[in-house]
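The values are calculated or read from the model by the stated rules, or taken from the named source; none is laboratory data. What you see is a predicted model; the values in this text were computed from it and never measured. Every residue, glycine among them, receives a Cβ derived from its backbone with ideal geometry; neighbour counts consider all protein chains shown.
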Amino acid sequence: MTDLDSFRSETRAWLEANCPPEMREPLRDDDDVVWGGRNATYKHPAQKSWLDAMASRGWTVPDWPAEYGGGGLSPGETKVLREEMARIAARNPLNSFGISMLGPALLKYGTEEQKLEHLPPIARGEIRWCQGYSEPNAGSDLAALATRADDAGDHFVINGQKVWTSYADKADWIFCLVRTDFTTKQGGISFLLFDMASPGVSTKPILLISGYSPFCETFFDDVRVPKKNLVGEINKGWDVAKYLLGHEREMISGMGLREGGGRTLGQAAADRLGTDDKGRLDAPVLRSEIALFEVRAQAFRAMSERFIDELKHGRAHPAQPSMMKYYGTELNKARHELAMSAGGSELLEWESEETSGGAPARAWLRTKANSIEGGTSEVQLNIVAKRILDLPSN
Amino acid sequence: MPLFLSEEQTMLRDAARDFVGEQAPVSHLRSLRDADDPTGFSRDLWRSFGEMGFNGILIPEDQGGLGLGAVAAGVVLEEVGRNLTPSPFLPTAIGAVTALNGGAAAHRERWFPAILSGEAVAALAIDEGPKHQPERTAMRAERSGNGFRLTGAKQFVAGGHVADLLIVAARTAGAPGEEDGITLFAVEKDAANLHADPRRLADSSLAARLRFDGVEVDADAVIGEVDGGAATLRRMLGHVRAGASSELLGVGGGAMDMTVSYLKERKQFGVRIGAFQALQHRAAHLYSEMEVARAATLKAQQMLDAGDAKADAAVSIAKAMTGMATTLAVQEGVQMHGGIGMTDEYDIGFYMKRARVLAEAFGDVGYHADRLAEGAGY
């Protein structure tokens, strides 16, 4: 038996003993997702016990070093853990921008003090982070951002506005891009961390077409931030920002992998619309569309596996997350379009009990942001064209 | 196992890339086509494949082969695809060898040495209509004396007019549409009452229509079990479809590389056309589709090699995905080349024609997508 085999059998036994049955059920709505944080809410006690069990082994962040709250697992062990979790359909114990975005950036650019201060609370789900990137006049052209940080001796003073800040109203801390030099563009950006409870921070949720408000406007009015919270060098924040964006895109691309409710799209459609005498979905054109979608979705699943393997072994092209983000988000939008078609008029109900308050329709609308947030599909294609295909700029 | 090529597989790829690229680039296909070559491929090149060891890629080591698997076979086939090399490699070294690996030792002793040396060529007689539907095999094989008498017709049999060995699916029981009752036969060249009618296809390859007017074969021509050929057929088709997926990847990748190079050279309006965002986005989208298809193919091949129970579905995903991605690659290739893409003198059109044939072979996008849907219960 190889080391990985014995790791697999130990992991399987541990998961079997520690993953509560409720945490093996498919996610039904947004409340089933655990985000952690100072004001964390748990719809079910099993969510908390599953988070604590995984965090106790560092398995909310299996490949982070143990001294920062991680599991210290090798790439091979991490893959085995994910496979074993998938085998029993275990839910992700903790969804967190700290894990998927800030953590990797701190591991690469943070000081030892910053890592020790911030990473373990992320791993345990104690601090929930939000991302201060986009501004009203800095969307696809992110480096045009104008939120300013003025040097005031041992601290900076922040003034300005962010927009599309996901869950800013629920987050404890923010990682934020600020301008520390107005004479250059990318070269005048710095990367700061600060507490959302600091005086001068306010948030205002934005009502979206889905009827939900996952995004906020975030305002900074003379917010004081200690200089020790600068990540990387002053005016070198763009490097950190881009590195983090790669991880954000990787996370968003994962949406292309989602499956709703344990049943595949085709099976769910057959449940609702019925089958013909050969057991085929009784809506032939929709069946074809779903089948072709499934080919792409399953192929993309393999692509994600390959991408993660290449990443862990240091073989991935640095711009590959852009391709993944582009493909994964377009797939996710297509998935929800098909799910709405399969639901017919019944899924159009916006407030009914049967639809849990229009959850499918609202989720469908939410996916339309997937190809906008974290860099639009068009921006990703620009990046692939220039950095991978090496196409000319003139 | 990580989802990328191992060091050994990368070395094999480099060897295959150098060898096929030097010995049989697209100009090789062009000269065979221009000469209206009646064989459809070069026998010298086939012997060179043998010398390189490629022909034994799926033949066990104790029988003189390399004893490798579907991933290794795919590595070679991708280079065959990239160079549009006419070769009996897929039906012979992948198809026939996989079938014979599931049958009696006598067949292997009879055929493996000649396949290894590049003397023997095999062809796969599966399709009976314009679309690949092996489940609906109707060709009859009736008991006759010590063996069977085969009656029926096959088509789209690549290299069927020159093959020394035909792997034939026929029905010894059951009705078309049923899995049980299919039997696989190893039929030798020059069998009496077997008529081969080679047809030149759009990609300049030769595929035969075969007529079996009561072809008598001995009982030991059966590969595997009588009535129970479906399992061997499925295994063979799994490897052949995975191999065809790799060949498609090579065709699509070759077309994409040509096209991206062209975008960097061709000037209009005073700039290289690759600077236009309209073309950049299309090229980047194509790259994405090809990468996803590549991952799906390698995944299916790793699963075949691991004996994974879900490998069959993974192969269908790979064949459908490579069919879609490569079709896009050749279409975009011709369009982005503009007028010269339509000329016979330029190679991109050869890619389009080869892609069409390979996408149809062993099940097109629709066949495999339908198969997946059926398997998933909708």
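Of the residues in segment A:226-243, none is at the interface with chain B (Cβ under 8 Å from one of its Cβ atoms) and either touching a residue at least 60 places away in the same chain (Cβ under 8 Å) or over 30 Å from A:E22 (Cα atoms) (or both). Go through segment B:104-118 and count every residue that is assigned to a helix (DSSP H, G or I), surrounded by 14 or more Cβ atoms within 10 Å (Cβ to Cβ) and not basic (K, R). The qualifying residues number 8. Out of the residues in segment A:340-381 that are within 14 Å of chain B (Cβ to nearest Cβ) and over 22 Å from the mean Cα position of the chain (by Cα), which is surrounded by the most Cβ atoms within 10 Å (Cβ to Cβ)? Here the answer is A:A342.
Here is a yes/no grid of residues against (1) out of contact with any Gly (no Cβ under 9 Å at 6 or more places or on another chain); (2) assigned to a strand (DSSP E or B); (3) of a type in the set (K, R):
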{"position": "A:F182", "(1), (2), (3)": "no, no, no"}
{"position": "A:L192", "(1), (2), (3)": "no, yes, no"}
{"position": "A:A197", "(1), (2), (3)": "yes, no, no"}
{"position": "A:R224", "(1), (2), (3)": "no, yes, yes"}
{"position": "A:D239", "(1), (2), (3)": "no, no, no"}
{"position": "A:E248", "(1), (2), (3)": "no, no, no"}
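The residues of segment B:332-369 that are in a helix (DSSP H, G or I) and more than 21 Å from the chain's Cα centre (by Cα), listed by number, are B:E332, B:G333, B:V334, B:Q335, B:M336, B:H337, B:G338, B:G339, B:I340, B:G341, B:M342. Given the structure, is B:A311 touching a Gly at 6+ places or on another chain (Cβ under 8 Å), more than 12 Å from chain A (Cβ to nearest Cβ), farther than 18 Å from B:D203 by Cβ and in contact (Cβ under 8 Å) with a residue 24 or more places away in the chain? Criteria met by B:A311. Across segment B:1-50, the number of residues qualifying as among the small types (G, A, S) and in a helix (DSSP H, G or I) comes to 7.
What are the residues in segment A:310-324 that are in contact (Cβ under 8 Å) with a residue 12 or more places away in the chain, out of contact with any Asp or Glu (no Cβ under 7 Å at 6 or more places or on another chain) and closer than 18 Å to B:M290 by Cβ, if any? Within segment A:310-324, A:H317, A:A319, A:Q320, A:S322 qualify.
Among the conditions (1) free of Cβ contacts under 8 Å to residues at least 24 places away in the same chain; (2) more than 9 Å from chain B (Cβ to nearest Cβ); (3) crowded, with 19+ Cβ neighbours inside 10 Å, the only one that A:R287 does not satisfy is (2). Identify the residue in segment A:213-242 that is surrounded by 14 or more Cβ atoms within 10 Å (Cβ to Cβ) and among the acidic types (D, E) and, among all such residues, is farthest from A:K108 (Cα to Cα). Ranking the qualifying residues of segment A:213-242, first place goes to A:E217. Has segment B:122-141 got any residue that is part of a helix (DSSP H, G or I) and of a type in the set (A, V, I, L, M, F, W, C)? Within segment B:122-141, none of the residues are part of a helix (DSSP H, G or I) and of a type in the set (A, V, I, L, M, F, W, C). Across segment B:345-372, the qualifying residues are those that are of a type in the set (D, E) and more than 18 Å from B:A208 (Cα to Cα), and the one among them that is farthest from the other protein chains (Cβ to nearest Cβ) is B:E345. Within segment A:93-126, take every residue that is among the β-branched types (V, I, T) and not assigned by TED's automatic domain parsing to the domain that holds A:L15 and give me the one that is surrounded by the fewest Cβ atoms within 10 Å (Cβ to Cβ). Within segment A:93-126, the match that is surrounded by the fewest Cβ atoms within 10 Å (Cβ to Cβ) is A:T111. A:V295 satisfies every condition listed in (1) closer than 22 Å to A:E330 by Cβ; (2) in contact (Cβ under 8 Å) with a residue 12 or more places away in the chain except (2). Among the residues of this structure, A:R28 counts as one that is assigned to a loop (DSSP other than H, G, I, E, B), outside the structural domain of A:L245 (by TED's automatic domain parsing) and farther than 29 Å from B:F4 by Cα. Evaluated against (1) at pLDDT below 95; (2) not assigned by TED's automatic domain parsing to the domain that holds A:L145, A:S288 falls short on exactly one condition, (1).
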